[in-house]
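Student: Just dropping this structure here.
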Amino acid sequence: MKRLLSLVVAALVGGAVLTASPAAAAPETTAAAGTGTGFWHAAGSQLVDATGTPVRMTGINWFGAETGNYSPHGLWSRNYKDMLDQMAGLGYNTLRLPYSNQLFDAGSKPVSIDALQNPDLQGLSGLQVLDKIVAYAGAKGMRVLLDRHRPDSGAQSPLWYTSAYPESRWISDWTMLARHYQGNPTVIGADLHNEPHALQGGGGACWGCGDTATDWRLAAERAGNAVLAANPDWLVVVEGVDCVSGTGDPQCGWWGGNLSGAKQFPVRLSKPDKLVYSAHEYATSVFAQKWFSDPAFPANLPALWDHFFGYLQKQNIAPVLLGEFGSTLADPRDKVWLQELMKYAGTGTSGMSFTYWSWNPNSGDTGGILNDDWTTVNQAKQAILQPYLIPPVGSGGGPGDPPPPAGCAVTYHVDNTWQGGFTATVTMKNTATAAMKNWALGWRVPTGTQITSGWNATVTQTGQQATAKAPAWAPDLAGGASVSIGIQATGASTGVPSGFAVGATACTT
């Protein structure tokens, strides 16, 4: 039944979009150098840059290009540069960017990209959209890890190939990408295949079984060495599987999360210092794995993580990337799990690399760092991650390059009421001295209220989350200045909105 646990959960995790507080020491004073110079390689379990300086991924997943959109999600709502500005400003220095092989088919055209907000993405192929994102991420000092998430845009696959997209296509697309981005230090590597796993009743991926059709470790060597032959500068990222027999209890975990077999059967590459192992790790709200109900929880977690993947880092075998981990935080244990996992990963450039799942709010089991409005930040999640983030150099978020002070104050006033509706004014003051560029104010709407129109800003509502974006004719709000945003809504006027914030900055009320 251990296998069943991991198999049931995996249909929910990793891009299905239909898809005690930590001892939070501040990042090291050298954290601004966390993304380093040039291409990366491994020195034991430490990632280093071209000069030998320690570096670390503290990143985020932005999914969508692996789906039938053939482009990262949310571009129907916002400009891609605005999104990357916000990621870098929050402190995420690496972007894990999923794609499917189907993205490169001639008939696969990116859709749901708003033309007014993303005019320079119109008419581009999926790869050209990725090129634009890579270029701007690099301009922000970020690094990009490409993730082959699926063979086609429909669903995860247990093996790295299907009948429609055989192993030869998987490898040829990787070598194409390796050559395409050769010489571009923004793109640091290839996450070869997302979440290989076994199938209920037998079949699927194994680790170390020796069958070339199912042994993921052997396939990773074939693809990894092909990538390095095409681009020797890249890192090769190899995820685990779910179940590995003979390695001790528990034998099964999350899809992609079990690297216990790498001790006996390590991945062998032509350039060993380019190998990074990657594990995925999720919380009880995604699936009730037995360790969450253990009376020893959460003290049992470090030993569990040592067993699945942490030994690789602790024994100086190879670097480990927590490629996906996330939660809605709906279950109180999830917050504890996330705090403990971040403590386990550690602070500063010597800590374990990670890319949080996800930036997107539309991941069904985890939600995202963004709220449903695609603009405001989930403060509960960000607060846990923040002490461990190493902002990209030049992003305005690093300890050596602090952002200008930010602040906002909001007042809310109901102006007129009638049966079934009302108008109100939201007034926001920029309490900082620096201007707010392309501001967007978010807040939570009371239950039963539906905003129908707005003025002096572009006002939208998704669920109970409202957003007012700066109008095109006045995109910036000067320091000390105020803006009054009018709204008309249905519902009772007696409800009180809450949670006003601009990006990661909560406003006083």
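Student: Based on the alpha-carbon gyration tensor of the stretch 162-205 and its eigenvalue square roots a ≥ b ≥ c, which shape applies: rounded if a/c is under 1.5, prolate if not and a/b is larger than b/c, or oblate?
Tutor: Because a/c hits 1.5 or more and a/b fails to exceed b/c, the stretch 162-205 counts as oblate.
Student: Across 10 Å bins from the origin, how do the percents of Cα pairs in the stretch 115-171 run, short distances first?
Tutor: Values per bin, smallest distances first: 19, 34, 33, 14.
Student: Sort 204-211, 248-255 by the packing proxy (mean of other Cβ within 10 Å over each peptide's residues), most packed first.
Tutor: The densest-packed peptide leads the list: 248-255, 204-211.
Student: Place a label point 7 angstrom from the Cα of ALA213 along the Cα-to-Cβ direction, then list the residues of the stretch 166-180 whose backbone nitrogen is under 17 Å away.
Tutor: Answer for this model: 166-168.
Student: Using Cα centres only, tell me the gap between the stretch 413-453 and the stretch 285-317 in whole Å.
Tutor: If you average the Cα positions of each part, the centres end up 44 Å apart.
Student: Just to compare against my own numbers: the Cα pair-distance distribution for the chain, 20 Å bins, whole % per bin, please.
Tutor: Bins of 20 Å from zero give 23, 56, 20, 1 percent of pairs.
Student: Quick one: Cα centre-to-centre distance for the stretch 139-179 and the stretch 41-76, in angstrom?
Tutor: Cα centroid of the stretch 139-179 versus Cα centroid of the stretch 41-76: 14 Å apart.
Student: Compute the label zone of ALA288 within the stretch 178-213: residues whose backbone N is under 13 Å from the point 7 Å along Cα-to-Cβ.
Tutor: Output list for this probe position: empty.
Student: Of the peptides 235-242, 300-307, how do they stack up when ordered by the mean number of other Cβ atoms within 10 Å, highest first?
Tutor: Going by the mean number of other Cβ atoms within 10 Å, highest first, we get 235-242, 300-307.
Student: In deg cm²/dmol and to the nearest 500, what is the mean residue ellipticity at 222 nm of the chain if only DSSP H runs of at least 4 residues count, each as -39500 (n - 2.57), divided by the residue total?
Tutor: Working: 9 runs with 93 residues, N = 509.
Mean residue ellipticity at 222 nm (helix-derived): -5500 deg cm²/dmol.
Student: What's the whole-number percent of alpha carbon pairs in the stretch 241-377 lying beyond 21 angstrom? It would help to have the intermediate numbers written out before the result.
Tutor: On the way: 4051 of 9316 pairs.
Pairs farther apart than 21 Å: 43 percent.
Student: Still on this structure, I have one more. Length gain on complete extension for the stretch PHE265 to SER498, per 0.36 nm per residue less the alpha carbon to alpha carbon distance?
Tutor: 78.5 nm
Student: Another question, then. How high is the relative contact order of the stretch 438-509, in percent, with contacts defined as C-alpha pairs under 8 Å that are six or more residues apart?
Tutor: That works out to 43 percent.
Student: Shape of the stretch 48-196 from its Cα gyration tensor (a ≥ b ≥ c, root eigenvalues): rounded if a/c is under 1.5, otherwise prolate when a/b > b/c, or oblate?
Tutor: Numbers: a/c = 1.76, a/b = 1.11, b/c = 1.58.
The shape class here is oblate.
Student: Moving on to the next point. Hey, how many Å between the Cα centroid of the stretch 101-137 and the Cα centroid of the stretch 486-502?
Tutor: About 36 Å separates the Cα centre of the stretch 101-137 from the one of the stretch 486-502.
Student: Assign one of three labels to the stretch 326-469, namely rounded, prolate or oblate, based on the Cα gyration tensor with a ≥ b ≥ c the square roots of its eigenvalues; rounded applies when a/c is under 1.5, prolate when it is not and a/b is larger than b/c, and oblate otherwise.
Tutor: Verdict is oblate for the stretch 326-469.
Any read-out appearing in this document is the output of simple, stated calculations on the displayed coordinates, not a laboratory observation. Since the structure is predicted, the reported quantities are computational estimates derived from the model, not experimental observations. Positions of Cβ are generated from backbone atoms using ideal geometry, with glycine treated the same way; all protein chains shown enter the neighbour counts.
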